[in-house]
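Peer 1: Handing you a structure now.
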Amino acid sequence: MTTTESSGSGDVSRSMELLWGTGERATRGPKPGLTLDRIVTAAVEIADAEGLAAVSMRRLSTELGAGTMSLYRHVPGRAELVDLMLDRVQGESGRLPEASGSTGWRKTVETAARGELALYQAHPWLLSVNQTRPVLGPGAVGGMESMLAGTRDMGLTDPELVSVIIMVSGYVSGVARTQVHSVEARQTTGISDDEFWRAQEPILSAVMTSGRYPLMAALGEDAFGPDFDHFEFGLQRLLDGLEVLVEQRTKR
């Protein structure tokens, strides 16, 4: 899945007004029952089922049984709608457990990482949006607030705490991208993972017995097996590294 869209690419001020409820301008008698919440909910549902490219104002008007112009009375355009969709799903995970005791921060980071992975799995279209310029609504700010509350006992500086969040999020999005790409490959080709690797087996078997790649040939049969949880292994190693840093800071 390639990045095809960017957050904050529309009227950022208008997106902020809508996210924080300071400027919903429903005027001139919009269709009864049509609300900004319903529009965003329908947009997320379409994106989850068919991808972000399927979301358009015309498609939404059909799904909601409303005229396209009725939608524009609530949200100025698709770019601002994407900002609202992003913040909506980012607020799904709810509050994280606050840190308590010497291991509180680790619990917080673990929970956040697993929650973010689940978010990408539920909404794969998130990976197609460039969010280097996030529009900060209640979902995003609430999540950040919970993370800061749960990691304040690490004893790190403010820039370091932000760096921890960036590092873990980058790790999770990388794993999620691989998982989503794997699903897409199966869907677009109609070929299962087993069928894909079996097609390569005849030539690879000969290559591995040639003696040219002794280390690869010596790997056990389970080296690339599906039973090993690469996500959990990597997450725990990240946390172990942070544990060392926290211990160093507490000894000062």
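The values are calculated or read from the model by the stated rules, or taken from the named source; none is laboratory data. Here the structure is a predicted model, which is why all the values come from computation and not from measurement. Ideal geometry is used to build each Cβ from the backbone, glycine not excepted, and the neighbour counts take in all protein chains shown. In case anyone asks, the SASA skips ligands and DNA or RNA and just uses the protein heavy atoms, side chains included. Shrake-Rupley method; radii C 1.70, N 1.55, O 1.52, S 1.80 Å.
Peer 1: Among the residues of segment 5-33, which ones are out of contact with any Asp or Glu (no Cβ under 9 Å at 6 or more places or on another chain) and at pLDDT 80 or above? Full working, then the answer.
Peer 2: Step one: list which residues in segment 5-33 are out of contact with any Asp or Glu (no Cβ under 9 Å at 6 or more places or on another chain), which gives 5-6, 13, 20-22, 26-33.
Of everything in segment 5-33, those that are out of contact with any Asp or Glu (no Cβ under 9 Å at 6 or more places or on another chain) and at pLDDT 80 or above turn out to be Glu5, Ser6, Ser13, Trp20, Gly21, Thr22.
Peer 1: Further, regarding this structure: Looking at Asp229, Asp193, Asp222, Asp158 in this structure, which one is open to solvent by 50 Å² or more (accessible area, probe 1.4 Å), under 20 Å from Gly115 (Cβ atoms) and charged (D, E, K, R)?
Peer 2: Asp229
Peer 1: When you scan segment 34-137 for helices (runs of 4 or more DSSP H) that lie fully inside it, which ones turn up with 2 or more residues that are under 12 Å from the mean Cα position of the chain (by Cα) and either of a type in the set (S, T, N, Q) or at pLDDT 95 or above (or both)? Steps first, answer last, please.
Peer 2: On the way: elements: 36-50, 57-64, 68-72, 78-90, 104-122.
So the answer is 78-90, 104-122.
Peer 1: Select from segment 232-252 the residues that are out of contact with any helix residue (DSSP H, G or I) (no Cβ under 7 Å at 6 or more places or on another chain) and open to solvent by less than 40 Å² (accessible area, probe 1.4 Å) and list them in ascending order.
Peer 2: Selection gives Gln236 alone.
Peer 1: In the list Leu52, Leu34, which residue meets the criterion of being of a type in the set (A, V, I, L, M, F, W, C), closer than 17 Å to Thr4 by Cα and surrounded by 18 or more Cβ atoms within 10 Å (Cβ to Cβ)?
Peer 2: Leu52
Peer 1: Here's something else I'd like to know. Could you go through segment 214-229 and let me know if any residue there is among the charged types (D, E, K, R), within 19 Å of Thr111 (Cα to Cα) and out of contact with any Asp or Glu (no Cβ under 8 Å at 6 or more places or on another chain).
Peer 2: Checked segment 214-229: at least one residue is among the charged types (D, E, K, R), within 19 Å of Thr111 (Cα to Cα) and out of contact with any Asp or Glu (no Cβ under 8 Å at 6 or more places or on another chain).
Peer 1: Moving on to the next point. Would you confirm whether any residue within segment 228-238 is closer than 30 Å to Asp153 by Cβ, of a type in the set (S, T, N, Q) and out of contact with any Lys or Arg (no Cβ under 9 Å at 6 or more places or on another chain)?
Peer 2: Yes - at least one qualifying residue is present in segment 228-238.
Peer 1: Spot the failing condition for Ile165; the list is (1) in a helix (DSSP H, G or I); (2) open to solvent by 50 Å² or more (accessible area, probe 1.4 Å); (3) closer than 25 Å to His230 by Cα, and only one is missed.
Peer 2: (2)
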